[in-house]
Amino acid sequence: MNGTASELLAVRDLTIGFPAPGGLLLAADGIDFDVAVGRTVGLVGESGCGKSVTLRSLLGLVPYPGEVLAGTIHWRGEEMLTASGKRQATLRGTEISMIFQDPTSCLNPVFTVGNQMVETLRKRAGLGRREARTRAMELLDRVGLSAPEKRLAAYPHELSGGMRQRVMIAISIATRPRLLLADEPTTALDVTTQEQILALLKELQAEDGMAILLVSHDLGVISETCDEVVVMYAGRMLEAGYDREVMRSPRHPYTRGLIEAMPSLEVTDEEPPVPIGGQPPDLTALPPGCPFQPRCKFVRDQCAEIPVALDATLAEHGSACPFEGVRS
Amino acid sequence: MGAYLLRRAVQAIPVLIGISLAAFLLIHLVPGDPARILLGAQATPKAVATLHEQLGLDRPLPTQYLNFITGAVHFEFGESLSQKVGVGKLIGTRAEVTLLLLMMATLLSITIAVPLAVAAALRRNRPVDHSIRLFSMFTFAMPSFLLGLLLILFFSLKLKWLPTSGYGSGFGGHLRALILPALTVGLYLAPILLRTLRIGIIDTLGTEYIEAARARGLARRLIIFKHVLKNSVIPTVTVLGLNIGFLLSGLVVIENVFSLPGLGSELVTAIGNRDYPTIQALTLVFGVSVVAINLLTDLLYSYLDPRVRL
């Protein structure tokens, strides 16, 4: 699993903590996953499960005052966590780039789209002013925006949400990154636009062979897009495997709950979506053992004593729940 | 942007009319006959009649107002009652002093406030931030006449670098003479700007577009001085505009401490002499200037923030 040629990113035992009154709050605890060239990996879980922080840590952008406490992040064989800030910065926006949940707030409102695109192309792709403009128009065309010249002159507030996300994607693929980090890229968009953006990402991936690490709370988006899935809860990994296996035969009760909670667009005779009961976990007051206990339908006494660790690797479809076979 | 500014300019017209009416009516709000009060109890009826004619008080009110406005457009406000010169001329030379003082003070305050605000915001709640806060509280809380006197004491009397008072001669002399008064005003204005800007920077640093800029790998300097600063300057511009308008009439004290022949000190003299034409003219000039400063603020605001150009 480590060091193969197709390996881009290998994350091991990643632990991210935030200082909190009365101790340390672990936003990510012992996260392990890999991203191979051209693959799409999904991190799924409810808000606050640590998936976004995990994503940001890959760029060295864990929000203050949080910090990575343990673990390793290997980027093409090179350890990044101990690398200098300068080395980390050279990867940002060149080999690894990122798109965000809310395209409205991640473009600077007081500069034109063209200004922000040209700036990125000049600083990060080393183009001259004129080349950068031409390239910016090509990129806008590539992400499916008509009249690129007009879009370059527009301010972000003059575009629709879908158009802004396309602009963000255009900026993020400007340097032909090997890995695109996508933090809930379709959550703020309506369903039609969401489909278009996902299709665009797949298309760009097919052309450039870039890998995508997709974070979403929406298992529907994840299963539609990803080859591999990592299910996170309260900063822990509860299940990991190939998308089809996880979706078809979920092993952890939490994953099963997520799948049952998925609304279906088609009208079927199947049962309506069942939401997972209870509240999202409070990271400051996690129970000992499995963090999902308070909401688990199959909870038993031993749940407080089990270690939270996958019983198998992603390739073998691991789960952190040892009571699968004995569930009634 | 043009349409937006036009709308703001049109909105200013009723305000201007209001100001001109207030300035015009000043002389009529004095109880009794203004000419008699001006000339004193011993005045002969002939002298009173002459003054009536000179001030145009013998004509009907609307005509007087029309004459006042026509004169004001040409910057003519009749003759000063205490100094035998045209009020327009008198004010003109003094307006230059005040304008220059105000501009220097604003520039100085920006020069002081911007780097300090950036430093404080980037090292929030650390010793740098606390010392900057302490410094700004100190200069803000100190009455400006005291600060002015302290500056004179140190820079003029002890170090003998700068003149203690007066307006100097020649443009260079004027600038030199204005350094200390401008610094006094600037040190009052700077903390206001500094605080607004510091908060603005801190707010902007927490936005997603700054995170996105970092994720794109843009250099820290570019992010701070381009992306953060332009956004955080927007609220500061409003605060600056309001304060300059307020300062305009607040310069009286400073102009007196430094014996500067500005509008503020002229206003004090004119009020003391009951020089109504001059008071009227100054009221109009102050009012119109505040309106102009507000328009300039709007102009700057719409340049900085494309979202208001609707």
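The values are calculated or read from the model by the stated rules, or taken from the named source; none is laboratory data. Only a predicted model underlies this, so the values are computations on that prediction, with no experimental measurement involved. Ideal geometry is used to build each Cβ from the backbone, glycine not excepted, and the neighbour counts take in all protein chains shown.
Observations on the structure shown:
- Whichever residue in segment A:135-179 is polar (S, T, N, Q) and under 24 Å from A:LEU91 (Cα atoms) and, among such residues, is surrounded by the fewest Cβ atoms within 10 Å (Cβ to Cβ): A:THR175
- With respect to the conditions (1) assigned to a loop (DSSP other than H, G, I, E, B); (2) at pLDDT 80 or above, B:VAL48 lacks only one, and its number is (1).
- Matching helices (runs of 4 or more DSSP H) fully within segment B:56-168 where at least 1 residues are over 30 Å from B:ASP33 (Cβ atoms): B:87-122, B:127-141, B:144-151
- The numbered conditions (1) under 24 Å from A:SER160 (Cβ atoms); (2) within 11 Å of another protein chain (Cβ to nearest Cβ); (3) surrounded by fewer than 21 Cβ atoms within 10 Å (Cβ to Cβ) are all true for A:ALA125 except (1).
- Which listed residue, of B:SER144, B:SER80, is in contact with a strand residue (DSSP E or B) (Cβ under 8 Å, 6 or more places away or on another chain) and modelled with pLDDT under 85: B:SER80
- Within segment A:304-328, being out of contact with any His (no Cβ under 7 Å at 6 or more places or on another chain) and within 20 Å of A:LEU26 (Cα to Cα) holds for A:ALA304, A:GLU305, A:ILE306, A:PRO307, A:VAL308, A:ALA309, A:LEU310.
- Tally of residues being under 17 Å from A:ALA36 (Cα atoms) and within 11 Å of chain B (Cβ to nearest Cβ) across segment A:67-86: 0
- Of all the criteria given as (1) buried (at least 21 other Cβ atoms within 10 Å of the Cβ); (2) of a type in the set (Val, Ile, Thr); (3) within 14 Å of chain B (Cβ to nearest Cβ), the one not satisfied by A:THR104 is (1).
- Verdict on A:VAL118 being more than 10 Å from chain B (Cβ to nearest Cβ), more than 16 Å from the chain's Cα centre (by Cα), farther than 19 Å from A:LEU204 by Cβ and modelled with pLDDT of 90 or more: yes
- Any chance A:ILE169 is within 25 Å of A:LEU9 (Cα to Cα), within 14 Å of chain B (Cβ to nearest Cβ) and not in a loop (DSSP other than H, G, I, E, B): yes
- Tabulated pairs, segment A:126-150, first farther than 16 Å from A:ASN115 by Cα, second among the basic types (Lys, Arg) and at pLDDT below 95, C-beta under 8 angstrom, 6+ apart or interchain: A:VAL143/A:ARG166; A:GLY144/A:ARG166; A:LEU145/A:ARG151; A:LEU145/A:ARG166
- The single condition from (1) within 12 Å of chain B (Cβ to nearest Cβ); (2) in a loop (DSSP other than H, G, I, E, B) that A:ALA89 fails is (2).
- Residues in segment A:182-198 include none that are among the small types (Gly, Ala, Ser), surrounded by fewer than 18 Cβ atoms within 10 Å (Cβ to Cβ) and either closer than 24 Å to A:ALA89 by Cβ or more than 14 Å from every other protein chain (Cβ to nearest Cβ) (or both).
- Residues that are within 7 Å of chain A (Cβ to nearest Cβ) and touching a residue at least 60 places away in the same chain (Cβ under 8 Å), drawn from segment B:204-246: B:LYS230
- Among the residues of segment B:222-236, those that are more than 12 Å from B:ILE210 (Cα to Cα) and among the hydrophobic types (A, V, I, L, M, F, W, C) comprise B:VAL233, B:ILE234.
- Among the numbered conditions (1) closer than 18 Å to A:VAL308 by Cα; (2) assigned to a strand (DSSP E or B), the only one that A:VAL41 does not meet is (1).
- Just one of the listed residues (B:PRO60, B:PRO45, B:PRO31) is under 20 Å from B:THR283 (Cβ atoms), without any contact (Cβ under 8 Å) to a residue 40 or more places away in the chain, out of contact with any Gly (no Cβ under 7 Å at 6 or more places or on another chain) and of a type outside the set (Phe, Trp, Tyr), and it is B:PRO31.
- Looking at A:VAL229, A:VAL221, just one residue is of a type in the set (A, V, I, L, M), part of a helix (DSSP H, G or I), closer than 22 Å to A:SER52 by Cα and assigned by TED's automatic domain parsing to the domain that holds A:LEU181, and that residue is A:VAL221.
- Members of segment A:36-66 found to be within 14 Å of chain B (Cβ to nearest Cβ) and over 17 Å from A:LEU26 (Cβ atoms), listed by number: A:LEU58, A:LEU59, A:GLY60, A:LEU61
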